[in-house]
Amino acid sequence: MNFLYNLGIEAYRIGARIASIKNPKVKKMIDGQKATFPYLEARRSEIEGCVWIHAASLGEFEQGRPLIERIRRDNPGERILLTFFSPSGYEIRKNYAQVDGVCYLPFDTQRNAERFVQTVKPKMAIFVKYEFWGNYLQSLQRHSVPTYIISSIFRPGQIFFRPWGGMFANILRCFHTMFVQDEASKSLLESIGISNVVVAGDTRFDRVTDIQASCKRFDILDEFTAADSRPMLMMGSSWQPDEDIVIPYFNAHPEMRLVIAPHEFDEHRVQAMMQRIGRKALRYTQITDPKQARDCDCLIIDCFGILSSCYAYAQAAYIGGGFGVGIHNLNEAAVYGIPVIFGPNHYKFNEASELIACGGGFSISDARGFDQVFTRLLTDAQALEQSGKRAGDYIKSKLGATNIVYKHIFR
């Protein structure tokens with residue numbers, strides 16, 4: 001790779017090592033990367049010649065999961081290696097039973113990339129959405145390994161399409177086939193001479209439909225929702241700016257109930273949230289008898305693993321992150337046929353603008369906007385039903401990306 005690119009990777013590596021001194025999450029990543037090559041060497045006979053799938057974090061893993069499970073189902077003899085860059089993916093999925101190995105992907109230095117490819121000897125490599133690591137991609141190309149990226153999406157402002165972005169555009173030329181979400185992405189890639197592009201859609205739609213089909217029931221939420229007929233708002237993956245809007249509204253509207261699943265739920269954060277809620281609230285993990293949930297107005301989900309099923313109990317959803325780096329998973333809620341509300345930072349997510357266009361989603365920029373949208377849904381049963389149906393129909397219209405990708409790669 002270009003000298004400047006490698007210099008940037010080295011600066012990133014050094015910065016991460018310094019940050020790991022005080023940041024436990026970064027330290028997990030650094031320690032995990034140190035264990036990667038010993039792990040691969042010890043399991044060489046189980047890993048060599050595998051299908052290598054890389055997802056940066058948990059969200060990208062969920063995007064790639066339908067393809068992983070399709071490969072496992074239809075090609076049970078294939079070996080599959082799954083790698084992560086972020087601890088949020090690795091720590092939760094390090095024991096994922098559908099693959100033959102899980103490890104961290106070391107920093108994208110020339111030495112790491114070449115050593116990794118020579119150790120693993122993958123028969124193919126599949127990257128999920130936004131993973132453009134130049135040294136790894138060039139090493140795979142040198143070793144004639146077919147390499148793909150799935151559920152990718154591109155925008156005009158990205159560096160690949162800038163006048164000075166030629167070096168980064170060359171990274172994209174290492175892919176054997178690029179599976180993108182929409183025609184706009186395909187056109188952008190063609191504008192810089194990249195034609196090996198297939199519009200397949202987004203595998204996340206297949207994933208949330210699988211989740212819906214195996215939706216879990218929970219005694220506590222059964223009791224909570226059975227207590228009365230007041231509509232329930234499910235606030236998923238929330239951050240404080242989201243809660244600053246929704247909690248005051250909830251406090252002032254006894255005609256509704258609320259479930260909050262914060263993106264982070266350390267003790268200090270949950271205690272602070274409890275103090276702000278002016279109505280009776282309980283923490284999910286501290287309920288000893290499910291019937292306790294009947295007498296409260298708000299539940300706080302302070303554990304992992306149940307959010308995607310919680311949406312099945314709601315009449316509407318608020319998805320967090322839109323006042324920060326970007327909204328979390330809208331599809332996870334919309335698949336249940338309920339309207340979704342979210343903050344203004346959603347321009348990177350096609351599903352947000354498409355849900356808005358079809359009437360199944362609503363973007364708000366402040367408390368007043370939330371008041372207008374949710375009050376209408378709360379007081380107009382027909383509007384609530386129609387918006388929910390449009391959201392559910394939208395998800396159904398987007399199914400099939402996994403099948404397109406699988407048939408193309410394994411035909």
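Using the alpha-carbon atoms, what tilt in degrees (0 to 90, nearest 10) does helix 24-34 show relative to the longest principal axis of the chain? With both axes taken from Cα atoms, the answer is about 30 degrees.
Separation of the stretch 22-94 and the stretch 264-306, taken as the distance between their Cα centroids, equals 33 angstrom. I need the fraction of alpha carbon pairs in the stretch 129-250 separated by more than 26 Å, rounded to a whole percent. Counting every Cα pair in the stretch 129-250, those more than 26 Å apart make up 48 percent. Against the main long axis of the alpha-carbon atoms of the chain, helix 110-120 sits at an angle near 90°. Each peptide in 232-239, 188-195, 127-134 gets a packing score, the mean of other Cβ atoms within 10 Å over its residues, and the list from highest to lowest is 232-239, 127-134, 188-195.
Defining a contact as two alpha carbons under 8 Å apart and six or more residues distant in sequence, what relative contact order in percent does the chain show?
12
When a/c reaches 1.5 or more, the comparison of a/b and b/c decides; with that in mind, is the stretch 278-348 rounded, prolate or oblate per its Cα gyration tensor? Here the stretch 278-348 falls in the prolate category. Treating the Cα atoms of the stretch 214-397 as identical point scatterers in vacuum, please give the log10 of the normalised Debye intensity I(q)/I(0) at q = 0.16, 0.18, 0.20 Å⁻¹, two decimals. Log10 of I(q)/I(0), two decimals: -0.94, -1.22, -1.53. In the chain, the calculated helix contribution to ellipticity at 222 nm averages -14000 deg cm²/dmol per residue, counting -39,500 (n - 2.57) for every DSSP H run with n ≥ 4. Quick one: angle between helix 267-276 and the longest Cα principal axis of the chain, in degrees between 0 and 90, rounded to 10, please. Result, in degrees: 30.
Does the chain come out rounded, prolate or oblate, given a ≥ b ≥ c as the square roots of the eigenvalues of its C-alpha gyration tensor, rounded meaning a/c under 1.5 and, failing that, prolate meaning a/b above b/c? Cα axes put the chain in the prolate bin. Listed by chain and number, the lysines whose alpha-carbon sits under 29 Å from that of K25, ignoring those within fewer than 8 places in the same chain, are K34, K94, K129, K348.
Just so you know, all these numbers are worked out from the coordinates, no wet-lab data involved. Just so it is clear, the structure is predicted and the values come from calculations on it, not from any experiment. Note: ideal-geometry Cβ built from the backbone for every residue, glycine included; neighbour counts use all protein chains shown.
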